[in-house]
1. Looking at (1) closer than 19 Å to Pro75 by Cβ; (2) crowded, with 17+ Cβ neighbours inside 10 Å, find the lone condition where Leu137 falls short.
2. Tell me whether the stretch 160-173 contains one or more residues that are on the phi < 0 side of the Ramachandran plot, of a type in the set (Phe, Trp, Tyr) and loosely packed, with under 15 Cβ neighbours inside 10 Å.
3. Can you pull out the residues in the stretch 205-230 that are of a type outside the set (Asp, Glu) and in a loop (DSSP other than H, G, I, E, B)?
4. Take the residues in the stretch 102-126 that are of a type in the set (D, E, K, R) and crowded, with 16+ Cβ neighbours inside 10 Å, then tell me which one is nearest to Met176 (Cα to Cα).
5. I'd like to check something: does the stretch 51-58 contain any residue that is surrounded by fewer than 19 Cβ atoms within 10 Å (Cβ to Cβ), hydroxyl-bearing (Ser, Thr, Tyr) and in a helix (DSSP H, G or I)?
6. Would you confirm, using the coordinates I've provided, whether Arg65 is out of contact with any strand residue (DSSP E or B) (no Cβ under 8 Å at 6 or more places or on another chain), farther than 20 Å from Ala216 by Cβ, open to solvent by 70 Å² or more (accessible area, probe 1.4 Å) and not in a helix (DSSP H, G or I)?
7. List every residue pair whose Cβ atoms sit under 7 Å apart, with the two residues 6 or more apart in sequence or on different chains, where the first one lies in the stretch 231-244 and is open to solvent by less than 100 Å² (accessible area, probe 1.4 Å) and the second, anywhere, is not acidic (Asp, Glu) and not in a loop (DSSP other than H, G, I, E, B).
8. Read through the list (1) surrounded by fewer than 16 Cβ atoms within 10 Å (Cβ to Cβ); (2) in contact (Cβ under 8 Å) with a residue 12 or more places away in the chain; (3) among the hydrophobic types (A, V, I, L, M, F, W, C), then give the number of the only condition that Val99 fails.
Amino acid sequence: MSGKKAAALPRKAYEKELLRLQTELVKLQEWVRASGTRLVIVFEGRDAAGKGGTIKRVAEHLNPRVARIAALPKPTERERTQWYFQRYVEHLPAAGEIVLFDRSWYNRAGVEHVMGFCTKEEHQLFLRQCPIFERMLAEDGVLLRKYWFSVSDTEQQERFRRRLKDPLRRWKLSPMDLESITHWEAYSRAKDEMMVHTDIAEAPWYVVESDDKRRARLNMIAHLLSSVPYHEVPPPVLELPERPASTGYQRPPRDLRTYVADHAAGIGTREQ
């Protein structure tokens, strides 16, 4: 890629292509369910790199019984004494399921390592074991896709500023997120080292340029669809039955129930 920043993707073009790709994701989901495939998608990257927004668009029209999001909190005291990968194994898919990891076992290679939440020995052990762990998944038939969302330092800071001012997104910021600004180079070195050890043939890393969120979402979804050999599964034939004739049922009087107030009645109509 050249250093010149690409023009912003027009909203209408973005929304049209997103809908097309989301339609394909539904087809992918039905293929996963019918074929008994196990699909794991790992979303990693810096804070405010656009992972959450992309996950939201991927899962938006999928069946939550088939495709679920795993966003694990910090480990409990008991989990800290387990094998590091153990608590992630619990969230791996069974046949016919998709799991989207909003951050994953790679926490150890990033924030835990940079912020000193694990020892150097634990970090080195992770780098040795992670490729083995992922090869085991691949050998067992799990489809594993790993995406690293790459955002520039200037764009990250601008997103942090917008979140600070937006009451609807303020919750996305934590003191740890803001502290990451002062550890930019440390995170860069940690990411580079992680890639050296874990960018393996059985589970390669795919880097998503994410300074433009719309492009990042479309590029990531399009790549995922191109990397999985799915095909459209014919849906079952369904027919809407005729409503049977009334047998005399009458609805109870409204005053016997407590209804939610009509808040919407006080809102003026908007011009279309």
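1. (1)
2. So far as the stretch 160-173 goes, yes, one or more of its residues are on the phi < 0 side of the Ramachandran plot, of a type in the set (Phe, Trp, Tyr) and loosely packed, with under 15 Cβ neighbours inside 10 Å.
3. Across the stretch 205-230, the qualifying residues are Ser210, Val228, Pro229, Tyr230.
4. Taking the candidates together, the pick is Glu112.
5. There is no residue in the stretch 51-58 that is surrounded by fewer than 19 Cβ atoms within 10 Å (Cβ to Cβ), hydroxyl-bearing (Ser, Thr, Tyr) and in a helix (DSSP H, G or I).
6. Criteria met by Arg65.
7. Val233/Trp31; Val233/Ala34
8. It fails just one condition, (1).
The values are calculated or read from the model by the stated rules, or taken from the named source; none is laboratory data. What you are looking at is a predicted structure, and each value in this text was computed from that prediction instead of being measured. Quick reminder, even Gly has a Cβ in these numbers, built from the backbone with ideal geometry, and neighbours come from all protein chains shown. Remember, those area values only see protein heavy atoms, side chains included, never the ligands or the DNA or RNA. Shrake-Rupley method; radii C 1.70, N 1.55, O 1.52, S 1.80 Å.
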